[in-house]
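Encoded as structure tokens, the structure appears first; notes follow it.
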């Protein structure tokens, strides 16, 4: 056991020099947050689009810091509700919300596309005999889908800005 520990300690300097940097570490987080705060999130239609817009604002600039805008984020969101496991009496005890978001990061003047991606998310919910509880379940599924897409957009753009700063 002692040999293993000594071997790990001896290898630690080699691993430290490999260039690996965690995405969520404090070292680069400030740089990536600074870049994310310069992204202008363009309006996304419909109520669920507003929820995604608010989620992205929370992800990109949680402290509400004023920053000059240098980039524009275009998001097209498509939502589909499905019923799962339909029983012989045409009652569906489960529902599903699926969302697909096409995102494009451009310069603020929209002349240069910097990053393009597509994100999909699905969340299921129970449909009960009480319409109120079913609606709450559906609303919760929509919220989970929006949070998932917002998180993924923030991660992808953070990676983009990290790679861009590493290349410079």
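Here is a check on your reading of the model: is residue 79 surrounded by fewer than 18 Cβ atoms within 10 Å (Cβ to Cβ), within 27 Å of residue 39 (Cβ to Cβ), in contact with a helix residue (DSSP H, G or I) (Cβ under 6 Å, 6 or more places away or on another chain) and touching a residue at least 60 places away in the same chain (Cβ under 8 Å)? Considered against the rule, which asks whether it is surrounded by fewer than 18 Cβ atoms within 10 Å (Cβ to Cβ), within 27 Å of residue 39 (Cβ to Cβ), in contact with a helix residue (DSSP H, G or I) (Cβ under 6 Å, 6 or more places away or on another chain) and touching a residue at least 60 places away in the same chain (Cβ under 8 Å), residue 79 comes out as yes. Taken as a whole, the structure places residue 137 among residues that are farther than 23 Å from residue 60 by Cβ and in contact (Cβ under 8 Å) with a residue 12 or more places away in the chain.
Scan the stretch 98-125 for residues that are in a strand (DSSP E or B) and exposed (fewer than 13 other Cβ atoms within 10 Å of the Cβ) and the total you get is 4. Does residue 61 satisfy being surrounded by 14 or more Cβ atoms within 10 Å (Cβ to Cβ), modelled with pLDDT under 95 and farther than 18 Å from residue 122 by Cβ? Yes; evaluated as a whole, the condition is true for this residue.
What do you reckon, is residue 158 surrounded by fewer than 17 Cβ atoms within 10 Å (Cβ to Cβ) and in a helix (DSSP H, G or I)? In short, no.
Table: residues versus (1) within 21 Å of residue 150 (Cβ to Cβ); (2) at pLDDT below 85; (3) surrounded by 11 or more Cβ atoms within 10 Å (Cβ to Cβ); (4) touching a strand residue (DSSP E or B) at 6+ places or on another chain (Cβ under 8 Å).
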position	(1), (2), (3), (4)
2	no, yes, no, no
9	no, yes, no, no
12	no, yes, no, no
20	no, yes, no, no
39	yes, no, yes, yes
66	no, no, no, no
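The values are calculated or read from the model by the stated rules, or taken from the named source; none is laboratory data. These figures come from a predicted structure and were not determined experimentally. We place every Cβ from the backbone using ideal geometry, glycine too, and count neighbours over all the protein chains shown.
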